[in-house]
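What follows is a set of notes on a single structure, which appears directly below.
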Amino acid sequence: MLLIFKATSDQAGIKTAKKKVRGHFLAIRLYRDDLGLMFGTVKSLFVSNVLYLKKAFRPMLFLIIPVGIILIHIAGRYEKRPLRVGETTVLSLKLNDNTGWEQLKKVEIDVPDGLKLETPPVRIAQLMEISWRIGVEEQGEYWVTFKLADDVVKKKIHVTDELLALDSKVTQSRFSTLLSSTDESSLPESGPFSAIEMSYPKREFDMLGFELHWLLSFFLLSLISGFAFKRFLRVEF
């Protein structure tokens, strides 16, 4: 990211803008007894900061797409964690709006050994949705199968302590599947199934003894590494 920032930014302009900002801060300390001059310096400091941000805005536009893709893949691993033995999850299946109550009642579910159905299906006609609570008995990688007449779809459930990319929701959207780092495919657009969703527990992420959200940890590590390598790569920011 530092190299992209360097290649797409006005490095000389950023360096000049930073020098002006530091100079104005120094002037505020030197002329703090002269209110008129100090307020004029504060105004110049504000203008210099705006110019600095303007110089940094252009490379940010080039960084949005690669950073966004990186965040999507990191979120798949650090936002949620796989299930553990003894835990439960709610697995929901949603049908297309053009289906009806009779079809919702005919949906069948096949749960493999290692998982168990803990409740009968709960159907919500207004949402065309059906849900089950599923318990975990053994570690493993499981495919839960849903069937309606000749249409069949599957949803993967992970039960492990490993760090894995997870998909809590599968839809008919091919775009979301392309961005995903899992091996789950999108639902057929011609089928009656609109979405399959389950709840994975939130992952707890510790950094230096503090419990932080993974996104905050990512930006802190990016900031630290940026300052650590900026002089080596000769990047001004």
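Angle check, please: helix 11-30 long axis (alpha carbons) against the longest principal axis of the chain (alpha carbons), in degrees 0 to 90, nearest 10.
Computed tilt is about 60 degrees.
Hand me the trypsin sites (Lys or Arg not before Pro) from region 188-237 located in a DSSP loop with no more than 13 other Cβ atoms within 10 Å, in residue order please. Provide the component values of the computation, followed by the final result.
Values: sites: LYS202, ARG203, LYS230, ARG231, ARG234; in loops: ARG203, ARG234.
Answer by residue number: ARG234.
Between GLU108 and LEU220, 0.36 nm times their residue separation minus their Cα-Cα distance comes to what?
Taking 0.36 nm per residue and subtracting the Cα distance, the gain is 35.7 nm.
Report the semi-axes of the equivalent ellipsoid for region 88-198 in whole Å, largest first, where each axis is √(5λ) for an eigenvalue λ of the Cα gyration tensor.
Working: eigenvalues 100, 68, 23 Å².
Semi-axes (√(5λ), whole Å): 22, 18, 11.
Which trypsin sites (Lys or Arg not before Pro) in region 35-126 sit in a loop by DSSP (not H, G, I, E or B) and have at most 14 other Cβ atoms within 10 Å of their own Cβ?
When the trypsin sites (Lys or Arg not before Pro) of region 35-126 are filtered for loop state and at most 14 Cβ neighbours within 10 Å, ARG84, LYS106 remain.
Taking the alpha-carbon set of the chain, what are its Rg and Dmax in Å?
Final numbers for Rg and Dmax: 26.6, 84 Å.
Can you give the helix-only mean residue ellipticity at 222 nm for the chain, where every DSSP H stretch with n ≥ 4 adds -39500 (n - 2.57) and the sum goes over all residues, rounded to the nearest 500 deg cm²/dmol?
-14500 deg cm²/dmol
Rounded to the nearest 0.05, what FRET efficiency do SER190 and PHE227 give with R0 = 45 Å and r taken as the Cβ-Cβ distance? Could you check? Walk me through the intermediate numbers first.
Values: r = 52 Å, r/R0 = 1.16.
Plugging the Cβ-Cβ distance into 1/(1 + (r/R0)^6) gives 0.30.
Straight-line reach only, C-alpha to C-alpha below 23 angstrom: list the lysines that LYS155 could link to, leaving out same-chain residues fewer than 8 apart.
Of all the lysines, those that pass the test against LYS155 - Cα under 23 Å, at least 8 places apart if same chain - are LYS80, LYS94, LYS105, LYS106, LYS116, LYS147, LYS169, LYS202.
Using a simple charge model, +1 on the beta-carbon of Lys and Arg, -1 on the beta-carbon of Asp and Glu, nothing else, what dipole does the chain show about its Cα centre, in debye to the nearest 20? All intermediate terms of the calculation are to be shown ahead of the outcome.
Values: 33 positive and 28 negative charges, 434 e Å.
Using Cβ point charges on Lys, Arg, Asp and Glu, the chain gives about 2080 debye.
In nanometres, what is the gap between the two model label sites at ASP10 and SER173, each 7 Å from Cα along Cα-to-Cβ?
Taking the simple label geometry, ASP10 and SER173 are separated by 3.7 nm.
Can you work out the FRET efficiency for the pair LYS116 and LEU3, with r the C-beta to C-beta distance and R0 = 45 Å, to the nearest 0.05? Write down the numbers at each step before the final one.
Numbers: r = 51 Å, r/R0 = 1.14.
Once the sixth-power term is evaluated, E becomes 0.30.
Dipole size in debye (nearest 20) for region 88-198 around its Cα centre, Lys and Arg Cβ +1, Asp and Glu Cβ -1?
400 debye
Every number in this text was worked out from the coordinates using simple rules, so none of it is lab data. What you see is a predicted model, and the numbers here were worked out from it, not measured in a lab. All Cβ positions, glycine included, derive from the backbone under ideal geometry; neighbour counts span all protein chains shown.
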